[in-house]
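*Asks:* Here you go, one structure.
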Amino acid sequence: MIPNRETFENAYSGKAPWDIDKPQQVFVAAADRVNGSLLDAGCGTGENALYFSERGHKVTGIDFLREPIERAKKKAAQRGQAATFLVMDALRLDALPEQFDSVIDCGLFHVFSDEDRQKYVAGLAGVVKPGGRIFLACFSNEEPGDLGPRRISQADLKAAFADGWAIESIEPVRFEVRSDLQGISFSPGGPKAWFATIRRK
């Protein structure tokens, strides 16, 4: 299923299933591999972005909805972090005036249609410095059922980043979701996901 804007607006009218009040563990585990300035594409309420800001990175987080960005700005102010948060469509990365050493994508890539996926990757090529890396977590085709976002295979990732990129690794991981979700069930231990490290040539 390709979610639409209303799907996300509804999710953020309360507390989204993926809003766990802390960074996703897969990004914490990869933190020592993340270098320099950082873009969080589809940052939501900012937990991953703020984690890297606390580690000393110059961080910009973008999301296409105002509500999660306002929450992220509030968290940054409360925590004394200088992270920048912008309301911006990730399909318009050409509007960003800078390039980054690293990009993190926690659950954004898997929301796009095939056509939009191509636009997104093309936009990433313009904002990632040569030699820079993308750290990308997406729902795996090994997660059973069709609840939640579209499933992504390793072949999908390799095809999307075939031109101008080198995929350094794709590892099986788990997404963390809120423990108090009602009527929503994924694999025990959390939804199965891929964690890809992709370098700009």
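Readers should treat all values here as calculations from the given coordinates under stated rules, not as data from a laboratory. As the structure is a computational prediction, the values presented were derived from the model and not from experiment. Every residue, glycine as well, gets a Cβ built from its backbone with ideal geometry; the counts of neighbours run over all protein chains shown.
*Asks:* Considering each of D105, D116, D180, D163 in turn, give the residue that is under 27 Å from I20 (Cβ atoms), of a type in the set (D, E) and surrounded by fewer than 13 Cβ atoms within 10 Å (Cβ to Cβ). Full working, then the answer.
*Replies:* Numbers: D105 fails: surrounded by fewer than 13 Cβ atoms within 10 Å (Cβ to Cβ); D116 fails: surrounded by fewer than 13 Cβ atoms within 10 Å (Cβ to Cβ); D163 fails: under 27 Å from I20 (Cβ atoms).
Only one candidate qualifies: D180.
Every residue, every condition in (1) in a strand (DSSP E or B); (2) more than 19 Å from the chain's Cα centre (by Cα), yes or no:
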residue: L157; (1), (2): no, no
residue: A162; (1), (2): no, yes
residue: S169; (1), (2): yes, no
residue: P172; (1), (2): yes, no
residue: I184; (1), (2): no, yes
residue: G189; (1), (2): no, yes
residue: R199; (1), (2): yes, no
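*Asks:* Tally up the residues in region 109-158 that are closer than 25 Å to Q182 by Cβ and aliphatic (A, V, I, L, M), please.
*Replies:* Number of matching residues: 3.
*Asks:* Just the residues that are crowded, with 20+ Cβ neighbours inside 10 Å and of a type outside the set (D, E, K, R), please, taken from region 125-156.
*Replies:* V127, V128, G132, I134, F135, L136, A137, C138, F139, S140, P149, I152, listed by residue number.
*Asks:* Evaluate the following for R151: is it touching an Asp or Glu at 6+ places or on another chain (Cβ under 9 Å), charged (D, E, K, R), touching a residue at least 24 places away in the same chain (Cβ under 8 Å) and within 24 Å of M88 (Cα to Cα)?
*Replies:* Details: touching an Asp or Glu at 6+ places or on another chain (Cβ under 9 Å): yes; charged (D, E, K, R): yes; touching a residue at least 24 places away in the same chain (Cβ under 8 Å): yes; within 24 Å of M88 (Cα to Cα): no.
No.
*Asks:* Please find, within region 60-83, the residue that is nearest to A30 (Cα to Cα) out of those that are polar (S, T, N, Q) and surrounded by 15 or more Cβ atoms within 10 Å (Cβ to Cβ).
*Replies:* Checked region 60-83; the qualifying residue nearest to A30 (Cα to Cα) is T60.
Residue-by-condition table, conditions (1) among the small types (G, A, S); (2) closer than 21 Å to F175 by Cα; (3) free of Cβ contacts under 8 Å to residues at least 40 places away in the same chain:
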| site | (1), (2), (3) |
| --- | --- |
| A31 | yes, yes, yes |
| V87 | no, no, yes |
| A95 | yes, no, yes |
| F109 | no, yes, no |
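*Asks:* Would you confirm whether any residue within region 41-59 is loosely packed, with under 15 Cβ neighbours inside 10 Å, over 23 Å from I134 (Cα atoms) and touching a helix residue (DSSP H, G or I) at 6+ places or on another chain (Cβ under 7 Å)?
*Replies:* Residues of region 41-59 that are loosely packed, with under 15 Cβ neighbours inside 10 Å, as a first pass: 54-56.
Filter once more, keeping what is over 23 Å from I134 (Cα atoms): none.
Taking every residue of region 41-59 in turn, none turns out to be loosely packed, with under 15 Cβ neighbours inside 10 Å, over 23 Å from I134 (Cα atoms) and touching a helix residue (DSSP H, G or I) at 6+ places or on another chain (Cβ under 7 Å).
*Asks:* Restricting to region 1-58, name every residue that is among the aliphatic types (A, V, I, L, M), under 15 Å from the mean Cα position of the chain (by Cα) and in a loop (DSSP other than H, G, I, E, B).
*Replies:* Hits for region 1-58 are A16, I20, A30, V34.
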